[in-house]
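Structure first, commentary second.
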Amino acid sequence: MKTIVKGMEGVEEAAEVIRRGGLVAFPTETVYGLGGNALDPEASRKIYAAKGRPSDNPLIVHVSCMEEVDALVSAFPEDARKLMETFWPGPLTIIMPKAECVPLETTGGLNTVAIRCPENKLTLAFIKAAERPIAGPSANTSGKPSPTEAEHVLHDLDGKIDMILDDGPVGIGVESTIIDVTGEVPTLLRPGAITLEELSQTLGKTVEVDPAIVAGGVKEGIHPKAPGMKYRHYAPNACMALVTTAFLKEHDYGVSGEDRKNEDRKVASAIEHLVKKDEAEGKKVGIICCEETRELYAGEYEADLKVIGRRSDPLSMTHELFRILREFDDDQVETIYAESYSDHGVGFALMNRMRKAAGMTELLADV
Ligand code: AMP
Ligand code: MG
């Protein structure tokens, strides 16, 4: 790969690469994206090839302002307008009916298009300078945790793309919320930092949740609307399991004081038991806990303990998750045990990614 450029000075060069039909990884507030000209089928094909991504898993088209959307859609639902006015630039992708000019290569063969305006100064300037919408899925190898630093992009895509525009570590750390406004009822296709509650409030109506989010992917009788959901995602090399208690789940994690401490202790001792068993078999083990519980993980084991953030502030945890999973990969950790947290608010996005990373495996400490 030719260049990693930090800061504004890379913007013109990055725009030129796009105009020539090349690929540029770019920073956003969610994760790094892998950009190409969204209106050029050849550029989209290159994106799929670089990521090793199945070509029926559509790309998100990035614009620098709301006015650029008109040319990309065949209809502009009122709900979409409200959401854009409220949340853009920001971590919200909106599915709309596509215009002719958006090639099927970019939309994975669908007649809808996913559009987002990211909140990052460099990238907004880059899109404007390119004078084209930018197709950009996450800039990782398909199936791996999404990249939250330029180094992660380099690790996965060195030699496969033309340039990385580096703006340091991202803020949010998990991919954008996706909402589909093409049907009768607006539907959440992927949870992110813009929460279900915020979407409903803005639209003044119920937003449905695609059943595939809750099921964690394709199950018998469940067909996800976001084609990406059927693929294994965010997965570390290690075998990962979440650990919780039936009591916490029953109470939707709304448990505090001594009761919560008791449950936390049960989870920590179940994890200790699992870790010791794996270590006796010679395995390298990792643990993910939070600030509030870290002192419970002081047992006699070797496992690499990573504190993901404060569970009282799920954004502090989304910020760290993918970096931690990549660090475990680098250290050749073989099994990972992680605490489960509440699905409330941004917690829904965090737990969605953690469940996928764990292949939906969740163990109960108290049964
Ligand atoms: P990524 O940015 O790598 O997370 O990938 C983009 C995600 O957006 C994928 O999971 C896609 O399934 C989803 N997506 C993109 N376009 C559409 C669309 N037209 N309809 C539904 N989902 C979409
Ligand atoms: Mg992705």
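What follows draws every value from the coordinates through simple rules; no lab data is involved. Worth saying up front: this structure is predicted, and the values here are computed from it rather than measured. Reconstructed Cβ throughout: ideal geometry from the backbone, glycine too, with neighbour counts over all protein chains shown.
Mind giving me the nanometre distance, one decimal, between the label points for Asn111 and Met66, set 7 Å out from Cα along Cα→Cβ?
2.7 nm
Could you rank the peptides 182-191, 347-356 by their average count of other C-beta atoms within 10 Å per residue, with the highest value first? Intermediate values should be presented prior to the final figure.
Numbers: 182-191: 18.6, 347-356: 23.6.
Order by mean packing, descending: 347-356, 182-191.
What spacing in nm lies between the two simple spin-label points modelled at Glu334 and Asp56, each 7 Å away from Cα in the Cβ direction?
3.6 nm
Distance in nm between label sites at Gln201 and Glu85, each 7 Å beyond Cα in the beta-carbon direction?
Distance between the two pseudo-spin positions: 1.8 nm.
Which of His152, Ile288, Ile308 sits closest to the plus end of the dipole of the chain, meaning its Cα is farthest towards the positive end, when Lys and Arg get +1 and Asp and Glu get -1 on the C-beta?
His152
Taking 0.36 nm per residue of separation and subtracting the Cα-Cα distance, what length does fully extending Lys276 through Lys6 add?
Numbers: separation 270, 0.36 × 270 = 97.20 nm, distance 4.41 nm.
Contour length minus the Cα-Cα distance gives 92.8 nm.
State the Cα centre-to-centre distance between the stretch 331-365 and the stretch 103-177 in whole Å.
Each part's Cα centre sits 24 Å from the other's.
Need the C-alpha centroid separation for the stretch 245-277 versus the stretch 1-61, integer Å.
Between the Cα centre of the stretch 245-277 and that of the stretch 1-61, the gap is 43 Å.
Over 25 Å between Cα atoms: which of Lys144/Lys306; Lys6/Lys160; Lys261/Lys306 fall into that group?
Numbers: Lys144/Lys306 19 Å; Lys6/Lys160 19 Å; Lys261/Lys306 20 Å.
Violating the 25 Å Cα-Cα cut-off are zero pairs.
For Arg20 and Val209, FRET efficiency with R0 = 35 Å and r from the beta-carbon atoms, rounded to 0.05?
Working: r = 41 Å, r/R0 = 1.18.
The pair Val209/Arg20 has a calculated efficiency of 0.25.
Taking Cα pairs under 8 Å and at least six residues apart, what relative contact order does the stretch 114-177 come out at, in percent?
Numbers: 38 pairs, mean separation 15.8, N = 64.
Averaging sequence separation for qualifying contacts and normalising by length gives 25 percent for the stretch 114-177.
What fraction of the DSSP beta bridges in the chain is antiparallel, stated in percent and rounded to the nearest 5? Walk me through the numbers on the way to the answer.
Working: 17 of 48 bridges.
The answer is about 35 percent antiparallel.
Using 1/(1 + (r/R0)^6) with R0 = 45 angstrom and r between the beta carbons of Lys128 and Lys249, what's the FRET efficiency to the nearest 0.05?
Numbers: r = 47 Å, r/R0 = 1.04.
Using R0 = 45 Å, I get an efficiency of 0.45.
Quick check: net charge around Met84, other residues with Cβ under 12 Å of its Cβ, Lys/Arg +1 and Asp/Glu -1?
On the way: positive: Arg81, Lys82, Arg116; negative: Glu67, Glu68, Asp70, Glu78, Asp79, Glu85.
After counting each charged neighbour, the total is -3.
Give me the dipole magnitude in Debye, nearest 20, for the chain about the Cα centre, with unit charges on the beta carbon: positive for Lys and Arg, negative for Asp and Glu.
Values: 41 positive and 60 negative charges, 150 e Å.
Rounded to the nearest 20 debye, it is 720 debye.
Along the positive direction of the dipole of the stretch 94-228 (beta-carbon charges: Lys, Arg +1; Asp, Glu -1; about the Cα centre), which of Gly136, Val170, Val207 reaches farthest?
Value computed over the given set: Val207.
What is the calculated FRET efficiency for Glu302 to Arg265, with r their C-beta to C-beta distance and R₀ = 25 Å, to the nearest 0.05? Mind dumping the intermediate values first?
On the way: r = 21 Å, r/R0 = 0.85.
In this case the efficiency is close to 0.75.
Give the residue from Phe247, Val333, Ser269 lying farthest towards the positive end of the charge dipole for the stretch 243-338; charges sit on Cβ (+1 for Lys and Arg, -1 for Asp and Glu) and the dipole is referred to the Cα centre.
Most positive-ward Cα: Phe247.
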